[in-house]
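Read the structure below first, then the notes.
The values are calculated or read from the model by the stated rules, or taken from the named source; none is laboratory data. Note that the structure is predicted; figures quoted are calculated from it, not measured. With ideal geometry, Cβ positions are generated from the backbone for all residues, glycine too; neighbour counts draw on all protein chains shown. Ligands, DNA and RNA are excluded from the accessible area calculation, which covers all protein heavy atoms including side chains. Shrake-Rupley method; radii C 1.70, N 1.55, O 1.52, S 1.80 Å.
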Amino acid sequence: MIRFFSGTSVREAVSPDRALEAVRDAFVAYARGDWTMPPKVYVPAYPAGDFRAMPALGAGHALLKWVTSFPGNPAQGLPTVSGLVLLSDASNGLLKAALDAGAVTALRTGAAAVLAAETLGRSGAQTAAVIGAGVNGEAAARTFVARGRRVLLWDVDRGRAESVAGRIGADVAASRDDALDADLLVTVTPGREIVLEEGSLQPGQHASLMGADGPGKAEIAVGELARLRGGRIYADDWEQASHNGDLVHAVEAGVLTRDDVSQLGDVLIGTAEGRTSEGDITIFDSTGLAIQDLAIAIAAMERADELDPPTIDL
């Protein structure tokens, strides 16, 4: 019998705080070599979007996530992200659970964004803001709120920002510039337009860049990355980010190399340096990792008996 977690069941099973804890543990396990993650496979269906196959292995489980990214879908009343996460027992290969990929993706995206902000942001950070009020932007803002922070939310669609803010207890930023001034900034946009132009980030700021998770997308200008070279630039995974994230554009332009970028997991286990001063500008480039999805799926399964989600008999 296979447990099935709908989007509602995933959210009931895993709180934003639990998601952040689980994702932190996944980064640590991956950095230590305890969890493994073969490369993400993109199946392009451009210009509409793409399909992605994402495997991972760890903590006695194997995972495969089959997920989409179709940015134009909301205009048709359809979700941008959809698909399934399949969780198997790594000792015998048996399928244990299927989970709604959109809900898993939102939880782990919000968790990773805030984890990076808390890990790399300055100790005296006061303000937090999220640019983009879609499903994943809402998850990031919700995670900030769960961590006890007041958060500003901005979206090109002010009505959407107001709706999300009212639902989760956030505030709507008066303008995009007000949001961009926050000490801890998260961008969760479709990645079709640059959000952070050259010279836009100020001393002491941190930015978690969550939207540019595939070919052709970007949220930060190459010139801004070049300006911060030798500073504090981080990624969830160098191999993935340098091929399909914001960093790829700077790598292709020859202004960033592997030596310029540290991985978040390495900071968490102490093998890479994090922020060294209150005036550092830190950037985290996220492309979304299957190990994060694995962490959320395992966390959901921890509450399977309590919540008793429906089962599928194959």
- Percent of C-alpha pairs per 10 Å bin, the range 196-283, short to long: 18, 56, 25, 1
- Message: Which one, G169, T189, T271, is farthest towards the positive end of the dipole of the range 169-272 when Lys and Arg carry +1 and Asp and Glu -1 on their Cβ?
- Response: T271
- Query: D for the range 128-175, whole µm²/s, Stokes-Einstein with Kirkwood Rh over alpha-carbon pairs at 37 °C and 0.692 mPa s: what number?
  - Reply: 331 µm²/s
- Value of D in µm² per second that Stokes-Einstein yields for the range 164-242, Kirkwood Rh from Cα pairs, at 37 °C (0.692 mPa s): 237 µm²/s
- Query: Size of the range 87-153 along its principal axes in angstrom, Cα-based, largest extent first?
  - Reply: 48, 25, 16
- Task: Using a 1.4 Å probe and ignoring any ligands, DNA or RNA, find the accessible area of R147 and quote it in Å² to the nearest 10.
- Result: 90 Å²
- Message: Using a 1.4 angstrom probe on the protein heavy atoms only, could you order S69, S262 from most to least accessible area?
- Response: S262, S69
- Message: Can you give me the long-range amide H partners of S208? Hydrogens built in the peptide plane at 1.01 Å from N, cutoff under 5 Å, separation of 5 or more residues or another chain.
- Response: L185, V186, T187, F284
- Query: Cα centroids of the range 144-166 and the range 110-136: how far apart, whole angstrom?
  - Reply: 12 Å
- With bins of 5 Å, the percent of all Cα-Cα pairs of the range 1-101 per bin from 0 is 3, 11, 16, 21, 23, 15, 8, 3, 0
- Query: Can you list the lysines whose alpha carbon sits under 20 Å from that of K40, skipping same-chain ones fewer than 8 residues off?
  - Reply: K65, K217
- Query: Please state the equivalent ellipsoid semi-axes for the chain: what are the square roots of 5 times the Cα gyration tensor eigenvalues, largest first, in whole Å?
  - Reply: 29, 22, 19
- Task: Give me the accessible area per residue for the chain, probe 1.4 Å, as a whole number in Å².
- Result: 41 Å²
- Dividing the convex hull volume of the Cα atoms of the range 57-200 by its residue count, what figure in Å³ per residue is obtained? 136 Å³
- Message: Which three extents, in angstrom, do the Cα atoms of the range 1-51 have along their principal axes, listed largest first?
- Response: 36, 32, 27
- Query: Over the range 138-271, what lengths in whole Å, largest first, do the semi-axes of the equivalent ellipsoid take, defined as the square roots of 5 times the eigenvalues of the alpha-carbon gyration tensor?
  - Reply: 27, 17, 14
- Message: I need the phi-derived Karplus couplings for the range 260-276: 6.51 cos²θ - 1.76 cosθ + 1.60, θ = phi - 60°, integer Hz, Gly and Pro marked x.
- Response: 8, 10, 10, 9, 4, x, 5, 5, 5, 9, x, 9, 9, 7, x, 4, 10
- Message: Using DSSP H assignments, which helices in the chain have an axial alpha-carbon span of 24 Å or above and a mean Kyte-Doolittle hydropathy of 1.0 or higher?
- Response: 101-120
